[in-house]
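Peer 1: One structure, pasted below without further comment.
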Amino acid sequence: MLRAGGVVAFPTETVYGLGADAENDAAVARIFAIKGRPPTHPLIVHLGDADELARWCSTVPPLARQLACRFWPGPLTMILPRSSRVPNAVTGGLATVGVRVPSHPVAQGLLRAFGGGIAAPSANRFGAVSPTTAAHVRDDLGCAVDVILDGGPCQVGLESTIVDLSSGRPAILRPGGVTREQLEEVVGQPVHVRGGGAVRSPGQLEQHYAPRARVVMCRGEDLVAEAHRFIASGVRVAVCTGEVPAGLPPRVECIPLATSIIDVARKLYAALREVDHRECDVVLVTLPVESGVGLAVADRLRRAAGAGASWSDTGMEQGT
Ligand code: TXA
Ligand code: MG
């Protein structure tokens with residue numbers, strides 16, 4: 001199907017991807033059309049093996065090789081100067097390309113059998129929550145996709161960490177399954193998370209990864225009072241948090257996440273989809289401690305809450 005210019009949804013360890021032959025402009029254009037994604041937002045090229053880096057990137061700095069050696073196959077995307085092999089359709093005209101070697105056995109098998117690079121964004125409609133099961137892909141994209149490969153639920157559950165190695169100091173553009181602390185061990189110095197600036201990556205848009213329901217962040221100790229307040233105002237409320245506190249109003253929809261942050265990451269997107277499935281108007285969430293994978297979970301929750309909608313008005317400062 002990929003060789004024929006088709007579009008194939010496939011599992012990775014992070015989220016499901018919507019893949020096409022990275023060197024087939026028409027196939028890549030179909031990805032943008034299916035997702036409803038602006039053509040200037042670049043796609044990640046998935047490779048079967050780190051040995052293919054040199055074919056897709058014009059320069060591969062020693063640090064890129066070290067990171068590949070340590071974290072590939074796995075949930076890390078590197079932004080590097082692109083080679084002439086990479087079509088403009090993939091990069092939206094940028095001079096750089098995002099590359100990643102996924103570890104999921106189905107993704108690995110697909111890449112090996114295909115032989116080339118597979119351009120793939122997450123297999124959801126633009127702006128929506130990424131899919132972590134084949135059923136999520138079918139719910140979002142249905143018949144628009146030629147094939148959906150079902151590899152079960154994704155193990156990481158959040159998109160890959162994106163690290164920009166294309167200029168100056170390495171910087172994280174999107175926190176993910178490979179943690180900042182793990183990156184710093186290899187880089188040997190602090191690695192900052194770069195936000196703001198020109199938005200070329202949808203992952204950097206303020207409102208992204210959002211369910212239909214309004215996402216409201218609150219402190220754990222305010223959760224019960226906030227739930228009562230929203231219920232009293234007549235809206236349908238869900239609570240999505242690690243440990244569900246006692247004393248919630250009976251009409252609240254409880255969608256417990258997990259207590260370990262790894263499990264929270266794994267379950268988060270399915271939980272946000274469940275909020276919409278239960279037709280809630282508002283979902284109350286709490287932020288985890290922002291270290292390790294908690295940094296990525298907090299990032300996605302902030303984006304889901306969107307600009308201006310960040311904190312419930314219990315005196316907490318605005319999120320960024
Ligand atoms: O885990 C993942 O990364 C998943 C799986 C399928 O691999 N893919 C994914 O793709 O999340 P997507 O397109 O939904 O998000 C990739 C992000 C986008 O924000 C995109 O703009 C950014 O990576 N990106 C891609 N190439 C880039 C580049 N050359 N410079 C800056 N950002 C880039
Ligand atoms: Mg995406």
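The values are calculated or read from the model by the stated rules, or taken from the named source; none is laboratory data. This one's a predicted model, so the numbers in the text were calculated from it and none came from an experiment. Methodologically, a virtual Cβ is constructed for each residue, glycine included, from the backbone with ideal geometry; neighbour enumeration extends over all protein chains shown.
Peer 1: Being modelled with pLDDT of 95 or more and part of a loop (DSSP other than H, G, I, E, B): is that true of GLY242 here?
Peer 2: On the way: modelled with pLDDT of 95 or more: no; part of a loop (DSSP other than H, G, I, E, B): yes.
It is false that GLY242 is modelled with pLDDT of 95 or more and part of a loop (DSSP other than H, G, I, E, B).
Peer 1: Can I ask one more? Name the single residue that is surrounded by the most Cβ atoms within 10 Å (Cβ to Cβ) among those in the stretch 43-58 being more than 14 Å from ligand 1 (Cβ to nearest atom) and over 17 Å from ILE162 (Cα atoms).
Peer 2: GLU52
Peer 1: Which of (1) surrounded by 16 or more Cβ atoms within 10 Å (Cβ to Cβ); (2) modelled with pLDDT under 95; (3) not small (Gly, Ala, Ser) does PRO256 not meet, given it meets every other one?
Peer 2: Result: PRO256 passes all but (1).
Peer 1: Given the options VAL129, VAL101, name the one that is touching a helix residue (DSSP H, G or I) at 6+ places or on another chain (Cβ under 7 Å), without any contact (Cβ under 8 Å) to a residue 60 or more places away in the chain and closer than 29 Å to GLU181 by Cα.
Peer 2: The match here is VAL101.
Peer 1: Can you name the residue in the stretch 128-153 that is within 15 Å of ligand 2 (Cβ to nearest atom) and farther than 30 Å from ARG85 by Cβ and, of all such residues, is surrounded by the fewest Cβ atoms within 10 Å (Cβ to Cβ)?
Peer 2: The extreme case among them is ALA128.
Peer 1: Return the residue satisfying two criteria in turn: it lies in the stretch 1-18 and is among the hydrophobic types (A, V, I, L, M, F, W, C) and either within 13 Å of ligand 1 (Cβ to nearest atom) or closer than 15 Å to ALA134 by Cα (or both), and of such residues it is surrounded by the most Cβ atoms within 10 Å (Cβ to Cβ). Step through it out loud before you land on a result.
Peer 2: The initial filter retains those residues of the stretch 1-18 that are among the hydrophobic types (A, V, I, L, M, F, W, C), namely 1-2, 4, 7-10, 15, 18.
Still in the list and also either within 13 Å of ligand 1 (Cβ to nearest atom) or closer than 15 Å to ALA134 by Cα (or both): 7-10, 15, 18.
Working: VAL7: 23, VAL8: 22, ALA9: 26, PHE10: 27, VAL15: 26, LEU18: 29.
Checking each candidate, the answer is LEU18.
Peer 1: Of the conditions (1) farther than 20 Å from VAL129 by Cα; (2) in contact with a strand residue (DSSP E or B) (Cβ under 7 Å, 6 or more places away or on another chain); (3) modelled with pLDDT of 90 or more, GLY247 clears all except one; give me its number.
Peer 2: Result: GLY247 passes all but (2).
Peer 1: How many residues, within the stretch 97-134, are assigned to a helix (DSSP H, G or I), of a type outside the set (Gly, Ala, Ser) and touching a Leu at 6+ places or on another chain (Cβ under 9 Å)?
Peer 2: Summing the residues that are assigned to a helix (DSSP H, G or I), of a type outside the set (Gly, Ala, Ser) and touching a Leu at 6+ places or on another chain (Cβ under 9 Å) in the stretch 97-134 gives 4.
Peer 1: Among the residues of the stretch 21-36, is there at least one that is away from ligand 2 (no atom under 16 Å from the Cβ), at pLDDT 95 or above and under 19 Å from SER166 (Cα atoms)?
Peer 2: Taking every residue of the stretch 21-36 in turn, none turns out to be away from ligand 2 (no atom under 16 Å from the Cβ), at pLDDT 95 or above and under 19 Å from SER166 (Cα atoms).
Peer 1: What is the one condition in (1) within 8 Å of ligand 1 (Cβ to nearest atom); (2) out of contact with any Ser or Thr (no Cβ under 9 Å at 6 or more places or on another chain); (3) farther than 15 Å from ILE118 by Cα that ARG65 does not satisfy?
Peer 2: (1)
Peer 1: Restricted to the stretch 179-234, and to residues that are away from ligand 2 (no atom under 16 Å from the Cβ), over 24 Å from ASP276 (Cβ atoms) and in contact with a strand residue (DSSP E or B) (Cβ under 7 Å, 6 or more places away or on another chain), which residue is modelled with the lowest pLDDT?
Peer 2: Top of the filtered list is ARG194.
Peer 1: If you go through the stretch 108-116 one residue at a time, do you hit one that is crowded, with 19+ Cβ neighbours inside 10 Å, within 9 Å of ligand 1 (Cβ to nearest atom) and over 19 Å from ARG300 (Cβ atoms)?
Peer 2: For the stretch 108-116, residues crowded, with 19+ Cβ neighbours inside 10 Å, within 9 Å of ligand 1 (Cβ to nearest atom) and over 19 Å from ARG300 (Cβ atoms): absent.
Peer 1: Suppose we filter the stretch 104-126 for residues that are among the polar types (S, T, N, Q) and either free of Cβ contacts under 8 Å to residues at least 24 places away in the same chain or touching an Asp or Glu at 6+ places or on another chain (Cβ under 7 Å) (or both); how many remain?
Peer 2: Residues that pass the stated criteria total 2.
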